[in-house]
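What follows draws every value from the coordinates through simple rules; no lab data is involved. Worth saying up front: this structure is predicted, and the values here are computed from it rather than measured. Using ideal geometry, Cβ is built from the backbone for each residue, glycine included, and neighbour counts are taken over all protein chains shown.
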Amino acid sequence: MTTTQQTPDAAAAGTWTLGDLRVNRIGFGTMRLPQRGPALRPDAVPRDRGQAVAVLRAAVDLGVNHLDTAAFYFSPLLSANELINRALAPYPDDLVITTKVGPHRTADGHWGEHARSPQALRGQVEENLRQLGRDHLDVVNLRVIGSDSVAERFGALAELREAGLIRHLGLSNVGPAQLAEALTVAPVVCVQNPYGIGASAEQEEMLRLCGERGIAFVPFYAIAGAGRERGTDLAGGEHEGVLAVAREHGVSPARVRLAWTLRRGPHVLAIPGTGALDHLTDNVAAGALHLSPADLTHLTTS
C-alpha cells in the first residue's frame, strides 16, 4: 500500500469543540520544544531558538490550531510559552492555547512544591498570562498528582474563570472519581491523561467516560509510551503490530500510533510534540492515515 505525498493538513482528522472553541483533532504539544533530548530536567540542553520558532510557525501553517503548553515547560534558556508568544503573536483568531497549572519548577529547573492554595494557583495562571502575552487563557487544566480530592483547587480555578481570566477548565492525570468530583464544581471540557496502544484498563475507562459526557480526551505520551519525558523508548523493541502496520502503509511507527489513538473516538484529540520539522509533518499526517479493521485488530492483539 502506498501513501500520499501531499502536504498534510491537521484538519484531515476532523474537529472537536473545547467548550465553544473548535479545534482540529491533531494539535501540538510544546513540552519538548525548549530543549533537545529529555524534557523537564535542570540540565536540559536548550534547543536553537530559531528552530523552535520555525516549528511552531510550521505547525500553524499545517492547520494546527490547538497548542498544549505550561509555564513549567522550560530549559535553562527557553520557555515554551515565550516561544509561542515570539513565534505566533499576534495570535490567529482560531488558535486555542491550552495550558496547565499545579506542578511547579524553581528557576533552576528543579521541581518544587505542587500549587494547592488559591493564591498559588492564581499566581501560576498569571504567570502563563504574562508569558503568553494574553489577557485570558483559553483552557486551563488542573494537573493532579495522586488520587486526593480536587474540589478545592478546581473551585479556585472556577473562580478565576468567573473573573474572566480563564475561558474553560480541564483536568490532567486524573481518575474517574476525580473527574466526577470536578464536574460537581464546574464544567470540564477536556481530560489529559497518559494513553496509547497498550493502555491500562483505567485509562480505557477514562476514555469511555469522557466520550459519554462529551468531554475531549487528550492523550499524552501517545507516541513515547514508557519513554515518557525521554521520548520514544524502544529499548525493548517496538510493538510488533505497530511495525507490521507501518510497513504495510509505508509510514513511521509514530504515525501509526497517532492514527490508532485518533480512531479511539471522535472526542479524542492528539497533541504530539517535537522540535523537528520532519517529525512535525509526519505527526500531522497521522490524521489522514486510514487504518483498516484488520490493522486495528493487528494493533490490539500483537
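Using the count of nearby Cβ atoms within 10 Å as a rough guide to exposure, how do CYS190, CYS210 rank from fewest to most?
Going from least to most buried by this count: CYS210, CYS190.
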Practice item. Work out the charge dipole of the stretch 98-185 with +1 on the Cβ of Lys and Arg and -1 on the Cβ of Asp and Glu about the Cα centre, then indicate which of THR98, GLY123, VAL174 is farthest towards its positive end. Key: THR98
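Could you give the length gained by full extension between GLU181 and LEU77, i.e. 0.36 nm per residue of separation minus their alpha carbon distance, to one decimal place?
Values: separation 104, 0.36 × 104 = 37.44 nm, distance 3.86 nm.
33.6 nm is the gain from fully extending GLU181 to LEU77.
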Exercise for review: Specify which residue in the list GLN192, LEU62, ALA254 is farthest towards the positive end of the charge dipole of the chain, using unit charges on the beta carbon of Lys, Arg (+1) and Asp, Glu (-1), about the Cα centre.
Suggested key: LEU62
**Study point:** Helix-only CD estimate at 222 nm, as mean residue ellipticity for the chain, using -39500 (n - 2.57) per DSSP H run (n ≥ 4)
**Key:** -11000 deg cm²/dmol
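If we count other beta carbons within 10 Å of each Cβ, what is the order of SER79, SER200, fewest first?
Numbers: SER79 19, SER200 11.
Least to most surrounded, the residues fall as SER200, SER79.
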**Study point:** Peptide ranges 62-72, 160-170 listed from the most packed, as the mean C-beta count within 10 angstrom indicates
**Key:** 62-72, 160-170
Review point. Quick one: helix 118-132 against the long Cα principal axis of the chain, what's the angle to the nearest 10°, folded into 0 to 90?
Key: 60
Exercise for review: Could you state the angle between the C-alpha long axis of helix 151-162 and the longest principal axis of the C-alpha atoms of the chain, as a value from 0 to 90 degrees rounded to the nearest 10?
Suggested key: 80
Review point. Between THR281 and ASP108, 0.36 nm times their residue separation minus their Cα-Cα distance comes to what?
Key: 59.0 nm
Review point. Which ³J(HN,Hα) values, rounded to whole Hz and listed in residue order, are derived for the stretch 241-258 from phi using the Karplus coefficients 6.51, -1.76 and 1.60 in 6.51 cos²θ - 1.76 cosθ + 1.60 with θ = phi - 60°, glycine and proline given as x?
Key: x, 4, 4, 5, 5, 4, 5, 4, 8, x, 10, 7, x, 4, 5, 5, 4, 5
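Report the net charge of residues surrounding ARG167, where surrounding means a beta-carbon distance below 12 angstrom and charges are Lys +1, Arg +1, Asp -1, Glu -1.
That works out to -2.
How large is the charge dipole for the chain, taken about the Cα centre, if only the Cβ atoms of Lys, Arg (+1) and Asp, Glu (-1) carry charge, to the nearest 20 debye? Can you show the working numbers first?
Details: 28 positive and 32 negative charges, 59 e Å.
That gives the chain a dipole magnitude of about 280 debye.
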Point to revise | Identified option (computed mean projected area of the Cα convex hull in nm²; candidates (i) 18.6; (ii) 23.6; (iii) 14.6) | key: (iii)
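As a footprinting exposure proxy, order ARG264, ARG86 by other Cβ within 10 Å, with the fewest listed first. Mind showing how you got there, number by number?
Values: ARG264 19, ARG86 14.
Exposure proxy ranking, most exposed first: ARG86, ARG264.
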